[in-house]
Amino acid sequence: MIEIKVDTESCVGCGLCVKDCPMKVYELKDGISTPVRPNDCMGCLSCHEICPAQALEHKGIYAAKRHYIDIRVCEMLKKVI
Ligand code: SF4
Ligand code: SF4
């Protein structure tokens, strides 16, 4: 399971992670990004890359990233089979 931590001191509330996350994991609450659906995270790390404040940390990402890659491979295979 992925654990998402937001460094509330660093987060500038730009909302980029909220817009970018394909799984809608985040919402802005009082101007701070808050992972409201952390269990939906599939470990793509897109939010991590886009955050200008480097305020996001994910733990347990390896297992989740494998799951994400497996889903993508299955989707590709479905198109060619
Ligand atoms: S790693 Fe991907 S799915 Fe998870 S919170 Fe970040 S953008 Fe969303
Ligand atoms: S992208 Fe980073 S700085 Fe911007 S709202 Fe998300 S966590 Fe905060």
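Points worth noting:
- Backbone geometry of the stretch 11-19 corresponds, through the Karplus equation with coefficients 6.51, -1.76 and 1.60 at θ = phi - 60°, to 3J(HN,Hα) couplings of 4, 9, x, 6, x, 4, 5, 5, 6 Hz, x marking Gly and Pro.
- In terms of distances greater than 27 angstrom between alpha carbons, the cross-link table entries Lys24/Lys78; Lys19/Lys78; Lys5/Lys79 yield Lys19/Lys78; Lys5/Lys79.
- Taking 0.36 nm per residue of separation and subtracting the current Cα-Cα distance, fully stretching the chain between Val80 and Glu9 would add 20.8 nm.
- The chain: angle of helix 61-80 to the longest principal axis, Cα-based, in degrees nearest 10: 40 degrees
- Computed over the chain: relative contact order in percent, which uses C-alpha pairs under 8 Å that are six or more apart: 36 percent
- Just so you know, the averaged projected area of the alpha carbon convex hull for the chain sits at 5.4 nm².
Laboratory data are not the source of any read-out in this text; all were calculated from the coordinates shown. Because the structure is predicted, anything quoted here is derived from the model rather than measured.
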